[in-house]
Amino acid sequence: EVLLLLGRVREVQLFRYKMAQQGDVDELFDVKNSFFIGNYQQCIKEAQKLKPSSPEKEVERDVFLYRAYIAQRKYGVVLDEIRPNASAELQAVRMFAEYLSSESKRDAIVAELDKKMAKSMDVTNTTFLLMAASIYFHDDNIDAALRTLHQGESLECAAMTVQILLKLDRLDLARKELKKMVEQDEDATLTQLATAWVNLAVGGEKLQEAYYIFQEMSDKYSTTLLLLNGQAACYMAQGKWEDAEGILQEALDKDSSHPETLINFVVLTQHLGKAPEVTNRYLTQLKDAHKNHPFIKEYQIKENEFDRLAMQYAPSA
């Protein structure tokens, strides 16, 4: 059995080597990879210098280029540059940018999306599925987001499914989805990231494995806010608060208003016993820069509930 396994490993290695020799390497690898690890400026830079080999590759490049601008909250660039006659993939990206940029139009955009989803649609258009699922997720319609992603077969649809399932505390289902990703491409960046996310949720000895994945990606490609916050989360879950503080400070130096970094600092400062005003400083920054962030919305609901309860017990004059 061991010999058979070794033989199979050797076959896979030879196959990969032959594919590489034949030039069967994704020309968009650097563009996509930069996007997946959260290095959005690098993604834009790589996309702008790339000369695609076909019209299909050009559309795919532009999809990642504009998604990187959306991740940087530069919605205007996307809305200005994607024209009404653009491809279906780019129209889907534009739809997501429009949803995020205009609160007043959100209900109308979701209603229009519902109509599109009710018709027979092209499930091979992975970009549409991802953008539709992202809109539903932001709109708190988790069931619709998962149903939409379920129609796709790409690693990115699977990775987003894993993220959503972990947010729902459905570790059992997230593990099943990850298993499919591993079977499809174990070495892919998205599979490695999803493995780290699942390991974080499992906890225990898996936390160190998750940390190593984030660390290895930082060493191999570049240190990004996504990877740094992943490492910090591993440290915090292990109770290594001082180590987490160093990592989060590095993240804050890169971007002083990054929401996940600020949220992690709110948690960290309380565990380190810092003065309340230190924690409040990070909360205020969050409220100023990201008033619609789910964390802030939930925090304000709890704050209002606390005030309501406090009023009930206030001494009557």
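The values are calculated or read from the model by the stated rules, or taken from the named source; none is laboratory data. Just so it is clear, the model here is predicted, and its values are computed rather than measured. All Cβ positions, even for glycine, are placed from backbone atoms using ideal geometry, and neighbour counts span all protein chains on display. Heavy atoms of the whole protein, side chains included, go into the accessibility calculation; ligands, DNA and RNA do not. Shrake-Rupley method; radii C 1.70, N 1.55, O 1.52, S 1.80 Å.
Tell me the GluC sites (Glu not before Pro) within segment 157-210 that lie in a loop according to DSSP and have at most 11 other beta-carbon atoms within 10 Å. Could the numbers behind the result be given before it?
Numbers: sites: 177, 183, 186, 205, 209; in loops: 186, 205.
Counting only loop positions with at most 11 other Cβ atoms within 10 Å, the GluC sites (Glu not before Pro) in segment 157-210 are 186, 205.
For a test of the definition: using alpha carbon positions, the gyration tensor, and the 1.5 limit on a/c, classify segment 216-289 as rounded, prolate or oblate. Could the numbers behind the result be given before it?
Numbers: a/c = 2.65, a/b = 1.37, b/c = 1.93.
Oblate.
Of 192, 182, 202, which is farthest on the positive side of the dipole of segment 142-228, counting Cα position, with +1 on Lys and Arg Cβ, -1 on Asp and Glu Cβ, and the Cα centre as origin?
My answer, from the dipole projection, is 202.
Would you mind listing how long segment 122-226 runs along its three principal axes, going by Cα atoms, in whole Å with the largest first?
That works out to 38, 28, 27 Å along the principal axes.
If I stretch the segment between residue 297 and residue 105 completely, what's the gain in nm (0.36 nm per residue apart, minus their alpha carbon distance), one decimal?
Computed gain between residue 297 and residue 105 is 67.2 nm.
Tell me, what % of the accessible area of the chain is carbon and sulfur with a 1.4 angstrom probe?
51
Take the Cα atoms of the chain, build their convex hull, and give its volume per residue in Å³.
Enclosed volume per residue, from the Cα hull, is 191 Å³.
What is the helix-to-structure angle for 206-220, meaning the angle in degrees between its Cα long axis and the longest Cα principal axis of the chain, kept from 0 to 90 and rounded to the nearest 10?
60
Can you give me the accessible area per residue for the chain, using a 1.4 Å probe, in Å²? All intermediate terms of the calculation are to be shown ahead of the outcome.
Working: 18590 Å² over 317 residues.
On a per-residue basis, 59 Å².
Let me understand segment 250-304 better: what is its radius of gyration from the alpha carbons, and its Dmax, in angstrom?
10.9, 33
Need one number: nm distance between label points at residue 278 and residue 118, each 7 Å from Cα along Cα→Cβ, rounded to one decimal.
Simple spin-label model gives 5.4 nm for this pair.
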